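Nothing in this text is a laboratory measurement; each read-out follows from the coordinates by a stated rule. Computed from a prediction, not measured in an experiment: that's the story for all the values here. Ideal geometry is used to build each Cβ from the backbone, glycine not excepted, and the neighbour counts take in all protein chains shown.
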Amino acid sequence: MTRYLDGWMLPALDEANREFFTSGKIVVRECRGCQTIQHPPEDLCYRCGGYEFGGREVAGTGTIYSHTVIRHPVHPKLSERLPYTVVLVSLDELPDVRITGNLLEAAPEDVRVGLAVRAVWEEIPDPETGDVLRLPQWVPA
Amino acid sequence: MQRRTAVAGVGESEFFKRGGASETEFQLACKAIRRAVEDAGLKLSDVDGIVSYMDARNNPVRLSAALGLSRIEFTGQTFGGGGNGAASAVMIADAAISAGYAETIVVFRALAQGQFGRFGQAGFGYSAGRNVVPGPQAFTVPYGLVTAAQINAVQTVRFMHEHAVTQDSLFEVAFVAYDNAQRNPRALRRGSPITREDYDESRWIAEPFHLFDCCPENDGASAIVVTTVERARDLAKGAVPILAAAQGLEHRGGVDGFNEAPFPTAHFRHVGESLWSRAGVSPKDVPVAQFYENFTGPVLMAISEMGFCPPDDLEKWVTAGSLRWPNGELPINTSGGNLGEAYIHGFGLVNEAVRQIRGESTSQVEGAELSLMVAGPGYAPGSAVLFCRD
């Protein structure tokens with residue numbers, strides 16, 4: 001699909017976010033020592049101090065926890081995309097983990113707290129590595 | 001702490017709309033500091049400390065050289081992404097003087113968004129010239145969430161949802177700032193009051209924020225002089241003692257990507273507790289307050305977290321006119337604040353809090369014995385400072 005914010009900035013891949021942004025699944029970081037989920041990633045586990053993390057795959061379903069509709073240009077590359085909808089999604093399997101994304105296939109007026117959504121992925125070549133990025137996005141479930 | 005130190009002088013440069021200053025940001029900083037020192041009846045050579053926040057440009061090396069400060073004993077800055085440090089900068093000066101490390105400290109902020117980066121455009125904290133963004137912002141910026149207005153909009157929508165707060169309350173915060181600005185000769189928005197119709201018809205920035213919910217981008221500088229309460233009593237304007245100050249950060253508070261717990265918060269949950277405990281007073285004793293307005297929604301969150309009104313009662317309390325001068329229960333932002341006077345990263349609100357104790361405000365709350373300044377909400381750690389009558 002064409003990217004929702006076509007031409008705008010992409011995540012810089014690193015060890016901590018590679019799986020999240022390339023796997024085509026919702027995969028968040030989990031401490032290998034105490035299984036605490038840590039999103040966004042940090043260098044050490046906030047519960048046990050561990051340094052070792054793995055990925056935990058969860059279902060790509062959730063509900064909108066909060067949102068905004070952006071109507072004011074803050075960068076020339078975003079101006080043509082206005083208005084666009086940013087959503088904060090609480091995952092069904094991990095309600096305390098909140099994922100930021102855009103709401104696709106819905107008008108700005110349709111966004112509301114509590115709306116059930118499911119993940120879809122935008123595939124974009126990474127400009128720096130040539131890898132394929134798969135950006136999680138959200139559509140009404 | 002507890003009346004050991006006091007504000008002896010306040011000063012500011014002229015204020016300008018973004019790009020309107022004919023002086024450089026550094027010249028504006030020096031002008032505000034000179035005026036604060038003059039207001040106190042001191043000489044620049046009396047200054048032995050410099051404190052600010054989020055300011056690497058107007059640093060003590062440049063300032064001491066330009067202002068002829070011959071013996072600096074103390075410098076300091078607070079952490080944090082923005083105006084959350086406006087009150088904790090005063091707290092640092094209070095702590096340093098109380099500890100005896102300095103006697104007369106200038107606390108200031110200079111900000112000319114017309115000369116450097118604009119807070120309201122993309123590219124803050126990363127290069128918008130690159131195609132990729134690293135670190136925690138990789139999880140938000142690629143989705144077009146880039147400015148403070150947008151980030152605070154997400155927090156505010158959730159807060160409004162949880163506590164049945166409506167646009168009516170947001171409007172009140174904007175209205176009182178523009179209304180109070182009409183009486184303040186320094187205010188950039190003097191002569192430009194707003195009605196509810198103006199507010200409703202102003203363009204959306206990031207819902208639920210209209211243009212008038214958002215602080216402007218301005219150029220200017222504000223400064224105060226803090227010294228011992230004993231010394232301040234002998235100076236030109238007398239002492240405005242610092243009764244208490246507080247900072248606050250909870251575990252995982254301010255974690256990126258809205259994954260802090262609890263969410264949303266303005267980061268004042270234990271700032272209020274600590275402040276009232278140290279001061280020996282409670283919110284109901286406070287007749288006037290300055291609440292840093294980055295955006296109207298976070299002000300409501302801050303008012304609630306500081307203990308003035310339970311969040312579920314905010315809508316009723318605020319729309320009853322409680323924040324309006326002169327008859328509201330708690331008039332706020334009596335200079336016009338960040339929205340109506342000028343956005344100098346919130347430090348103008350410190351000057352106004354001092355003026356309320358002196359009886360010098362253009363929207364004076366008569367006989368104010370206590371005067372509160374609450375720094376930028378939504379950025380951690382939060383901070384607040386409470387001034388009192390000597």
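Using only atoms on other chains, find how many Cβ atoms lie within 10 Å of each Cβ of peptide A:59-69 and report the average. Counting other chains' Cβ atoms within 10 Å and averaging over A:59-69 gives 5.
Short-range pairs are left out: with C-alpha atoms under 8 Å and at least six residues apart, the relative contact order of chain B is 26 percent.
Counting Lys and Arg as +1 and Asp and Glu as -1, what is the net charge of the other residues whose Cβ lies under 10 Å from the Cβ of A:Arg3? The answer is -2.
Spacing of the modelled spin labels on B:Ala56 and B:Ala164, each 7 Å from Cα toward Cβ, amounts to 4.8 nm. Taken as Cα centroids, segment A:1-80 and segment B:281-304 sit 34 Å apart, rounded to the nearest whole angstrom.
So what is the calculated 222 nm ellipticity per residue for chain B, using -39500 (n - 2.57) for each DSSP H run with n of 4 or more, over all residues, to the nearest 500 deg cm²/dmol?
Details: 12 runs with 122 residues, N = 390.
Helices in chain B give a 222 nm mean residue ellipticity of -9000 deg cm²/dmol.
The coefficient of translational diffusion for the protein assembly as shown, derived via Stokes-Einstein from the alpha carbon Kirkwood radius under 4 °C and 1.567 mPa s, stands at 54 µm²/s. Charge dipole of the protein assembly as shown (Cα centre as origin; +1 on each Lys and Arg Cβ, -1 on each Asp and Glu Cβ, all else neutral): 1060 debye, rounded to the nearest 20. Mean separation of Cα pairs under 8 Å and 6 or more residues apart, divided by the residue count, gives segment B:162-254 a relative contact order of 15 percent.
Quote the charge dipole size of chain B about the Cα centre in Debye, to the nearest 20; the model charges only the Cβ of Lys and Arg (+1) and of Asp and Glu (-1).
Details: 33 positive and 43 negative charges, 192 e Å.
Here chain B has a charge dipole of around 920 debye.
Quick one: of the DSSP bridges fully inside segment A:18-140, what percent are antiparallel, nearest 5? Write out the running numbers ahead of the final one.
On the way: 33 of 34 bridges.
Counting only bridges with both partners in segment A:18-140, antiparallel ones make up about 95 percent.
In chain A, the DSSP-assigned H stretches of four residues or longer account for a calculated mean residue ellipticity at 222 nm of -1000 deg cm²/dmol, using -39500 (n - 2.57) per stretch and the full residue count as denominator. Taking the Cα centre of segment A:18-140 as origin and assigning +1 to Lys and Arg Cβ atoms and -1 to Asp and Glu Cβ atoms, the resulting dipole is close to 240 debye.
State, as an integer percentage, the relative contact order of segment A:18-140 based on alpha-carbon contacts under 8 Å between residues 6 or more apart. Before the final figure, lay out each step's value.
Values: 251 pairs, mean separation 28.7, N = 123.
After rounding, I find 23 percent.
Under 10 Å, Cα contacts only: if you run a Gaussian network model on chain B, which one of B:Val61, B:Val141, B:Val37 comes out with the highest mean-square fluctuation? Of B:Val61, B:Val141, B:Val37, the Gaussian network model singles out B:Val61 as fluctuating most. Residues of segment B:218-247 with backbone nitrogen within less than 17 Å of a virtual label 7 Å along the Cα-to-Cβ line of B:Lys43, please, listed as ranges. Those under the cut-off are B:235-236.
Counting pairs on different chains as well as pairs 8 or more places apart, how many Lys pairs in the protein assembly as shown have Cα atoms under 21 Å apart? The partial results should precede the final answer.
Numbers: B:Lys17/B:Lys31; B:Lys31/B:Lys43; B:Lys31/B:Lys237; B:Lys43/B:Lys237; B:Lys284/B:Lys316.
Step by step, the pairs that qualify in the protein assembly as shown add up to 5.
For chain A, the extents of the C-alpha atoms along the principal axes are 45, 37, 24 Å, listed from largest to smallest. Under 10 Å, Cα contacts only: if you run a Gaussian network model on chain A, which one of A:Ile70, A:Ile37, A:Ile124 comes out with the highest mean-square fluctuation? Checking each option, the largest mean-square fluctuation is seen for A:Ile70. Across B:Lys237, B:Lys31, B:Lys43, mean-square fluctuation computed from a Gaussian network of chain B (C-alpha pairs under 10 Å connected) peaks at B:Lys43. Just going by the charge dipole of chain B, with Lys and Arg at +1 and Asp and Glu at -1 on Cβ, which of B:Leu44, B:Ala246, B:Phe308 is farthest out on the positive end? Most positive-ward Cα: B:Leu44. Taking Lys and Arg as +1 and Asp and Glu as -1, the other residues whose beta-carbon sits under 13 Å from that of B:Glu172 total -3.
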